[in-house]
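Here the structure comes first, spelled out in structure tokens, and everything after it is commentary.
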Amino acid sequence: MNNRVHQGHFARKRFGQNFLNDSYIIDSIVAAIHPQRGEAMVEIGPGLGALTEPVGERLDALTVIELDRDLAARLQTHPFLGPKLTIFQQDAMTFDFAQLAAERGQPLRVFGNLPYNISTPLMFHLFSYTSAIKDMHFMLQKEVVNRLVAGPDSKAYGRLSVMAQYYCQVIPVLEVPPESFTPAPKVDSAVVRLVPHAVQPHPVENVRVLSRITTEAFGKRRKTLRNSLGHLFSAEVMENLGVDGSLRAENVTVAQYCQLANWLSAHPESQES
Ligand code: SAM
């Protein structure tokens with residue numbers, strides 16, 4: 001059998017379609033999500049319904065966002081799920097999660113086996129809505145999960161780790177081998193739980209400043225901070241903030257990046273250079 005065909009659907013590479021086929025893994029993911037009646041559950045990329053069906057069984061209503069028109073149409077006519085679903089046939093990258101949370105009258109619980117080709121930008125899109133989100137459970141490339149959870153002084157620690165941990169508590173849930181999908185992806189996968197902080201551990205004045213600093217620091221990750229961020233912070237300022245300029249981007253904690261961001265927000269003249 002052509003392994004790109006699953007349940008009569010030809011998997012589209014451009015939509016990152018790798019369908020879950022392993023009932024043990026599916027059960028484990030649904031148990032981790034633990035959907036409850038009355039919650040505002042939202043699935044990104046329901047595909048052929050591998051997660052949608054068992055989650056939908058436990059609920060009266062479920063919202064799904066699916067870009068592939070054929071798959072969205074299939075779900076619409078699904079015998080038991082169809083009537084429970086609100087289907088948005090659109091790109092999750094441009095979806096307004098705050099508006100949906102307002103309509104549902106509660107923060108959203110978002111989950112999905114994400115298309116890997118857009119998983120990082122999609123997560124950044126979701127981070128901008130964390131005040132409208134209760135939690136998120138995502139299947140991702142294992143390497144991306146490693147980056148999300150990584151702490152300082154490790155190779156995997158980067159801009160994604162800092163930004164994810166600024167917004168959320170990040171908890172790895174389980175690892176998933178390629179054979180659990182049809183077609184099998186070339187990489188290992190893992191499920192992660194992201195819980196937006198109810199109270200920010202390291203509040204920043206302006207998250208765009210944090211985003212800029214991490215982009216510049218990790219853009220030159222082999223350089224010392226003195227080199228990569230010297231145009232924004234003098235040696236004296238770094239020292240006063242307790243950040244050693246001879247360190248590299250990967251040695252700086254989330255708390256320290258937030259401190260640097262707050263100093264820069266308070267000194268906008270230093271951002272001009
Ligand atoms: N949930 C199904 C499963 O676990 O078997 C399918 C997962 S598959 C990895 C990713 C799904 O996301 C596909 O159904 C694909 O069509 C859909 N998709 C791809 N890009 C999307 C986007 N930008 N917005 C919404 N859905 C998208």
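The values are calculated or read from the model by the stated rules, or taken from the named source; none is laboratory data. The structure presented is a predicted model; accordingly, all values stated were derived computationally and were not measured. Heads up, the Cβs are rebuilt from the backbone with ideal geometry, glycines too, and the neighbour counts pull from every protein chain shown. Ligands, DNA and RNA are stripped out before the accessible areas are found, and what is left, the full protein with its side chains, is counted by its heavy atoms. Shrake-Rupley method; radii C 1.70, N 1.55, O 1.52, S 1.80 Å.
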Do you know which of the residues in the range 143-165 that are β-branched (Val, Ile, Thr) and open to solvent by less than 30 Å² (accessible area, probe 1.4 Å) is nearest to THR253 (Cα to Cα)? VAL162
Would you tally the residues in the range 110-121 being open to solvent by 60 Å² or more (accessible area, probe 1.4 Å) and either within 15 Å of HIS137 (Cα to Cα) or near the ligand (Cβ under 9 Å from one of its atoms) (or both)? 1
Residues of the range 129-160 satisfying the condition of being hydroxyl-bearing (Ser, Thr, Tyr) and within 16 Å of the ligand (Cβ to nearest atom): TYR129
Are any of the residues in the range 182-200 at pLDDT 95 or above, of a type in the set (Asp, Glu) and more than 21 Å from ASN18 (Cβ to Cβ)? no
Hits in the range 94-109 (condition: within 12 Å of the ligand (Cβ to nearest atom) and either open to solvent by 60 Å² or more (accessible area, probe 1.4 Å) or part of a strand (DSSP E or B) (or both)): THR94
Restricting attention to the range 55-85, the residues that are within 17 Å of MET139 (Cβ to Cβ) and more than 22 Å from the chain's Cα centre (by Cα) number exactly 1
If a residue must be open to solvent by 70 Å² or more (accessible area, probe 1.4 Å), closer than 14 Å to VAL209 by Cβ and in a loop (DSSP other than H, G, I, E, B), how many such residues does the range 232-272 contain? 1
Which residues, counting only those in the range 169-193, are open to solvent by 40 Å² or more (accessible area, probe 1.4 Å) and touching a His at 6+ places or on another chain (Cβ under 8 Å)? GLN169, VAL173, ARG193
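Would you confirm, using the coordinates I've provided, whether LEU210 is surrounded by 14 or more Cβ atoms within 10 Å (Cβ to Cβ) and within 12 Å of the chain's Cα centre (by Cα)?
Here the answer is no, as LEU210 does not meet what is asked.
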Can you tell me which of ALA249, ALA184, ALA217, ALA261 is closer than 30 Å to ILE26 by Cα and either in contact (Cβ under 8 Å) with a residue 24 or more places away in the chain or in contact with a Pro (Cβ under 8 Å, 6 or more places away or on another chain) (or both)? ALA184
